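Visitor: One structure is given below, represented as structure tokens, and several questions about it will come after.
The values are calculated or read from the model by the stated rules, or taken from the named source; none is laboratory data. This is a predicted model, so every value here is computed, not measured. Methodologically, a virtual Cβ is constructed for each residue, glycine included, from the backbone with ideal geometry; neighbour enumeration extends over all protein chains shown. For the accessible areas, the whole protein counts, side chains as well, though only heavy atoms, and no ligand, DNA or RNA atoms are used. Shrake-Rupley method; radii C 1.70, N 1.55, O 1.52, S 1.80 Å.
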Amino acid sequence: MLRKALLTFALALLALGLGSWLGGARGAWPMVLWGALLTAAVLFERWRYSGASATSKDAWQPTSERFVDPESGQPMQVWYNPSTGQRRYQALPQEDRPAA
């Protein structure tokens, strides 16, 4: 959500800057520059981290950490990927859940 808001702001800044600059305003180049840099940064960040989630399923290892999700009330287990350092939370299968 924040990424979309930032991208919308950056594109609006870029469009306003380009429109002003093409309309003859000499002082509009900082808006063009910042709009372009911010747009490129948001898009690059999205591209950069999209490859990290495409790792093989074999790299994920279950940990002994378990907790109850406060929103759903479901028991969850923590999984860890040692090659990237990422952590993932998955609902426990029905057969692994403790008896209530």
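Visitor: Could you grab the pairs with beta carbons closer than 8 Å, sequence gap of 6+ or different chains, first residue in region 60-79 and under 14 Å from GLN94 (Cβ atoms) and touching a residue at least 40 places away in the same chain (Cβ under 8 Å), second one open to solvent by less than 40 Å² (accessible area, probe 1.4 Å) and of a type in the set (S, T, N, Q)?
Guide: If the second residue must be open to solvent by less than 40 Å² (accessible area, probe 1.4 Å) and of a type in the set (S, T, N, Q), no pairs are left.
Visitor: If you don't mind, there's one more thing I want to ask. Take ALA40 and tell me if it is exposed (fewer than 13 other Cβ atoms within 10 Å of the Cβ), at pLDDT 90 or above and either out of contact with any helix residue (DSSP H, G or I) (no Cβ under 8 Å at 6 or more places or on another chain) or closer than 27 Å to ALA5 by Cβ (or both). Walk me through it before giving the result.
Guide: Values: exposed (fewer than 13 other Cβ atoms within 10 Å of the Cβ): yes; at pLDDT 90 or above: yes; either out of contact with any helix residue (DSSP H, G or I) (no Cβ under 8 Å at 6 or more places or on another chain) or closer than 27 Å to ALA5 by Cβ (or both): yes.
Yes, satisfied.
Visitor: Of the conditions (1) touching a strand residue (DSSP E or B) at 6+ places or on another chain (Cβ under 7 Å); (2) of a type outside the set (Asp, Glu); (3) at pLDDT below 90; (4) surrounded by fewer than 12 Cβ atoms within 10 Å (Cβ to Cβ), SER53 clears all except one; give me its number.
Guide: Unmet condition: (1).
Visitor: Further question on the same structure: Suppose we keep only residues that are free of Cβ contacts under 8 Å to residues at least 12 places away in the same chain and open to solvent by less than 70 Å² (accessible area, probe 1.4 Å) within region 13-22. Which one would you say is farthest from LEU43 (Cα to Cα)? Lay out the reasoning, then the answer.
Guide: As a first pass, look at region 13-22 and keep what is free of Cβ contacts under 8 Å to residues at least 12 places away in the same chain: 19-22.
So of that shortlist, the ones also open to solvent by less than 70 Å² (accessible area, probe 1.4 Å) come out as 19-20.
Details: GLY19: 22, SER20: 24 Å.
Across region 13-22, the extreme among qualifying residues is SER20.
Visitor: What number of residues within region 58-85 satisfy the criterion of being in contact with an Asp or Glu (Cβ under 6 Å, 6 or more places away or on another chain) and surrounded by fewer than 11 Cβ atoms within 10 Å (Cβ to Cβ)? First the steps, then the outcome.
Guide: The initial filter retains those residues of region 58-85 that are in contact with an Asp or Glu (Cβ under 6 Å, 6 or more places away or on another chain), namely 76, 78.
Adding the requirement that they be surrounded by fewer than 11 Cβ atoms within 10 Å (Cβ to Cβ) leaves none.
Selection size over region 58-85: 0.
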